[in-house]
Amino acid sequence: MSSKPIGIFDSGVGGLSIWKEIHQLLPMESTRYLSDSKNAPYGPKGKEAIIKLSIKNTECLINLGCKLIVVACNTATTNAIDTLRNNYTIPFIGIEPAIKPAAFQSKSKAIGILATRGTLSSQLFHNTSLLYSSELLVIEQHGDGIVELIETGGLHSKEMLLLLQDYLKPMLEANIDCLVLGCTHYHFLTPILKELLPSHVKIIDSGEAVARQTKAVLKRHRLLNIKTVEGTNMLYTNGKKPVMEALLKPVLATIRTLEF
Ligand code: DGL
């Protein structure tokens, strides 16, 4: 049993969607979150660069005393988690586009995946997608520009609306009934997507599943915090605090700027 914090990192503010789920499910656990906004987006960077950044974030979280690391970024998971697991003894939890649950739920047998180029081009994503390609049509769509807009406070901008309309078009033409959000930043688009999609299209987000998996892995490694007082939560960014504050509302947590 351990009262050390859980470490969570993302290329920016997207992983806050995962942090919120973990904090809600495990309020007694302390958390340390790294938003690498200075280096966002990871999506167009290529595998080697994504591995380097993921190692940098991991070392920072280990130095902050973390007992387990959640890679709250599909792009970092699909490109770097194998390297991280091979190089560090600390347990890692990752996140990948939820093709499997979408395949089970789809009646039209057509699903859409919105993810970064880095995720869509990864071997890990390719292998999973291949498993389901015989039974359903998978429309893959990169979300170029979305992360940049969210990172600069443009979540509710006209530009975002136009991008999304454009990205959803081929999916709607293919009659998808499930849309998989394959990037943790995209969670924050949910209210806008609901407006743009017909009501029968399910939006599939993996945040809750990642939180449940975190609990299960902590239990398996006997790392759960058994103290009965709430943990401490420190959110670090090497970017701008106001963007993070706006996405966190109404949850109160300490946000600090940090060079890493
Ligand atoms: N939140 C990251 C993800 O889940 C965004 C990647 C990026 O920075 O391009 O993939």
Please give the per residue volume of the convex hull enclosing the alpha carbon atoms of region 184-260, rounded to a whole number of Å³. 157
Roll a 1.4 Å probe over the protein chains and send me the accessible area per residue for region 60-107 in Å². 39
Per residue value of the accessible surface for region 112-260 (all protein chains in place, 1.4 Å probe), Å²: 54
Figure the gain on full extension for residue 199 and residue 230 (residue separation times 0.36 nm, minus the Cα-Cα span) and round it to one decimal in nm. 7.3 nm
Full extension between residue 158 and residue 190 adds, at 0.36 nm per residue less the Cα distance, a length in nm of 9.9 nm
Put a dot 7 Å past each Cα toward the Cβ at residue 127 and residue 108; how far apart are the dots in nm? 3.1
Over 20 Å (Cα to Cα) among 4/219; 4/38; 20/215; 107/202 -> 4/38
Using only the alpha-carbon atoms, how far is helix 74-87 inclined from the longest principal axis of the chain? Give it as 0 to 90 degrees, nearest 10. 40
Loop sites in region 169-234: GluC sites (Glu not before Pro), DSSP, at most 15 other Cβ within 10 Å: 230
Carbon/sulfur accessible area of the chain, % of total, 1.4 Å probe, equals 54
Along each principal axis, Cα extent of the chain, largest first, Å: 51, 37, 37
Taking the chain and counting helices only, DSSP H stretches of n ≥ 4 at -39,500 (n - 2.57) each over all residues, the nearest-500 ellipticity at 222 nm comes to -13000 deg cm²/dmol
Applying 1/(1 + (r/R0)^6) with R0 = 51 Å to the Cβ-Cβ distance of residue 174 and residue 217, what FRET efficiency is obtained, to the nearest 0.05? 0.90
What residue among 191, 101, 242 shows peak mean-square fluctuation when the chain is described by a Gaussian network model with Cα springs under 10 Å? 191
Stretch residue 63-residue 87 to full length: gain in nm at 0.36 nm per residue minus the Cα-Cα span? 7.1 nm
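The values are calculated or read from the model by the stated rules, or taken from the named source; none is laboratory data. Since this is a predicted model, take the numbers as computed values, not measurements. We place every Cβ from the backbone using ideal geometry, glycine too, and count neighbours over all the protein chains shown. When the accessible area is computed, the model is the full protein with side chains, heavy atoms only, and any ligands, DNA or RNA have been set aside. Shrake-Rupley method; radii C 1.70, N 1.55, O 1.52, S 1.80 Å.
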